[in-house]
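Here the structure is laid out as structure tokens; the discussion comes afterwards.
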Amino acid sequence: MSDLPRKAMTRTARLAALPLGIAGRATLGLGKRIGGRSAEVVTAELQQATADQLFKVLGELKGGAMKFGQVLSVFEAALPEEVAGPYRAALTKLQDAAPPMPAAKVHAALAERLGADWRSLFLEFEDRPSAAASIGQVHRAVWHDGRTVAVKVQYPGAGDALLADLSQLSRVAWLLGPLIPGLDIKPLITELRERVAEELDYELEAQAQRRHAEEFADDPEIAVPGVVAQADQVLVSEWMDGTPLAEVIASGTQEERDRAGKLLARFLFAGPSRTGLLHADPHPGNFRLLKDDGPVEGWRLGVLDFGTVDRLPGGLPAPIGASLRMALAGDAAGVLAMLREEGFVKPSIELDPDAVLDYLVPIIEPAAVESFHFTRAWMRAQAARIADPRSPAYNLGKQLNLPPSYLLIHRVTLSTIGVLCQLGAKAPFRVEMLEWLPEFAGPGSAGSRPTARTTAPRGTAEQGAADQDTAEQGTTGKDAARKTTSRKAAAPKATTRKGGAAKRSAPARRRGPSTED
């Protein structure tokens, strides 16, 4: 597979074939058991075959199929160990690799977005992508000023593919649900659909990345590559080396795991406080451990891909910190009252405060100790407790509601914990919460450091629309790309893109050719 399949019927047929293939293998497995083979051996074979088919299809289709697979991959740690083995390798492949788009199509996209003489912007350009993901791929290049850069190019037709895939996946959510115990698949797919238009907009991504790069420019622990240029569906950033977190998960030393875990926890809580934005795609493919010859305490975490963010001008919501503090103090009534006030418990639902506290305490254990050892076994235990219909936690969980304003925060937090459990890291979760999470240290507290920004950062939908109005009166994408080179790499400023693209309020609207396979 060398291109993004865009025919709706073709993509839908391939995704629709998944349940048929799984059902067929189940029937075959039953036959083998009747024939005398052990249930354990047959089950293992079925699990492996299912994993191979599911994630091969998700990876090759890219688009929403692969995006869903990437999000799902961070919850691998919740699978029972006898099931996790067959799925782990297939899931991990989706974190930072996919079949590439042909060089000719990349060149055509660059010519359309940057201008016919786009090659003059680069001293070197590698046709073979260094990474290929759900809606675009990255090429290593040398910018005309000598900087090594990453050139991110969106796949033609990515918007249509994202929506079509996620619509089809929502229809087979019942099939995918059992893959991750305790995770409700359908709301996850719905949330991904709602984020499609934003993720396709590289202008918004550039604004979010610039904000982070500016804030963390001199940070000793977190590194974000600066934006070099952006024009429509092309984004050029400073190149970042380092050890992919997937490699640390697979073969890292405990020292590497613990350092990566600490920095992940730091970024989860400090990022919103310092930038007003929550990085909302925390799978291992988006992080690098930047090691050097010095002590481990000096290693940094490199953060990539700001296509999906949650805008939190005041940092993480104060009720999160307040309810966690009350839960750890055993204030069951206070916790239930806070959950009601924030919409987690609907007015018509009656719950026992102590039962709510019993439900929460095991989940928030990392917030109760100075350093917590995140393990697959711990995450599996939590998932099993919530997913078991015989468990009181299961019945109580069914009565809780997740307000829309908390949905992305909830997913990002769970995903980050999933990655920490994959790492097997010992991380100071509580320390970071005391430092950065409003209300956690005490009533009225805002963490030991003030938020760096109390107003909404550039990159909101309203600002994007205003920028676009200016852009429509601007110059060509190539001129816009050249104008960005005057910014300092260490602290890039958010500037208005001057490109000729029409505003993308929905992914179906796009520039350029729309040829079918």
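The values are calculated or read from the model by the stated rules, or taken from the named source; none is laboratory data. Not measured: the values here are computed from a predicted model. Cβ sites come from the backbone with ideal geometry, for glycine too, and all protein chains shown count toward neighbours. Keep in mind that these areas ignore ligands, DNA and RNA; they rest on the heavy atoms of the full protein, side chains included. Shrake-Rupley method; radii C 1.70, N 1.55, O 1.52, S 1.80 Å.
Taking D293 as the residue in question, decide whether it is charged (D, E, K, R), at pLDDT below 95 and surrounded by 24 or more Cβ atoms within 10 Å (Cβ to Cβ). It is false that D293 is charged (D, E, K, R), at pLDDT below 95 and surrounded by 24 or more Cβ atoms within 10 Å (Cβ to Cβ). Among the residues making up segment 240-257, those that are surrounded by 15 or more Cβ atoms within 10 Å (Cβ to Cβ) and not in a helix (DSSP H, G or I) are M240, G242, T243, P244, G252. Looking only at segment 131-149, count every residue that is under 20 Å from G242 (Cβ atoms) and either part of a helix (DSSP H, G or I) or hydroxyl-bearing (S, T, Y) (or both) and tell me the total. Result for segment 131-149: 1.
Scanning segment 206-252 for residues that are at pLDDT 95 or above and among the β-branched types (V, I, T) gives I222, V224, V227, V228, V234, V236, T243, V248. Considering (1) touching a Phe, Trp or Tyr at 6+ places or on another chain (Cβ under 9 Å); (2) at pLDDT below 95; (3) buried (at least 16 other Cβ atoms within 10 Å of the Cβ); (4) not charged (D, E, K, R), the lone condition that G424 does not fulfil carries the number (2).
The residue list V345, V412, V419 contains one member that is of a type in the set (A, V, I, L, M), assigned to a loop (DSSP other than H, G, I, E, B) and either open to solvent by 60 Å² or more (accessible area, probe 1.4 Å) or at pLDDT 90 or above (or both), which is V345. If only residues of segment 291-311 that are closer than 17 Å to S237 by Cα and of a type in the set (G, A, S) are counted, the one that is farthest from the chain's Cα centre (by Cα) is G302. When residues in segment 290-339 are screened for being among the polar types (S, T, N, Q) and outside any helix (DSSP H, G or I), 1 of them pass. Taking the conditions exactly as written (surrounded by fewer than 14 Cβ atoms within 10 Å (Cβ to Cβ) and either of a type outside the set (D, E, K, R) or touching a His at 6+ places or on another chain (Cβ under 9 Å) (or both)), does P353 satisfy them or not? Spelling it out, it is not the case that P353 is surrounded by fewer than 14 Cβ atoms within 10 Å (Cβ to Cβ) and either of a type outside the set (D, E, K, R) or touching a His at 6+ places or on another chain (Cβ under 9 Å) (or both). Of the residues making up segment 133-150, just one is touching a strand residue (DSSP E or B) at 6+ places or on another chain (Cβ under 9 Å) and farther than 18 Å from P225 by Cβ, namely I135.
In the set A111, A161, only one residue is in a helix (DSSP H, G or I) and modelled with pLDDT under 85; that residue is A161. Being of a type in the set (K, R) and either over 22 Å from G418 (Cα atoms) or over 21 Å from the mean Cα position of the chain (by Cα) (or both) holds for only one residue in R340, R288, and it is R340. When residues in segment 103-153 are screened for being among the polar types (S, T, N, Q) and open to solvent by 10 Å² or more (accessible area, probe 1.4 Å), 3 of them pass. Does segment 123-130 contain at least one residue that is over 16 Å from Y202 (Cα atoms), free of Cβ contacts under 8 Å to residues at least 24 places away in the same chain and assigned to a strand (DSSP E or B)? Yes, segment 123-130 contains at least one residue that is over 16 Å from Y202 (Cα atoms), free of Cβ contacts under 8 Å to residues at least 24 places away in the same chain and assigned to a strand (DSSP E or B).
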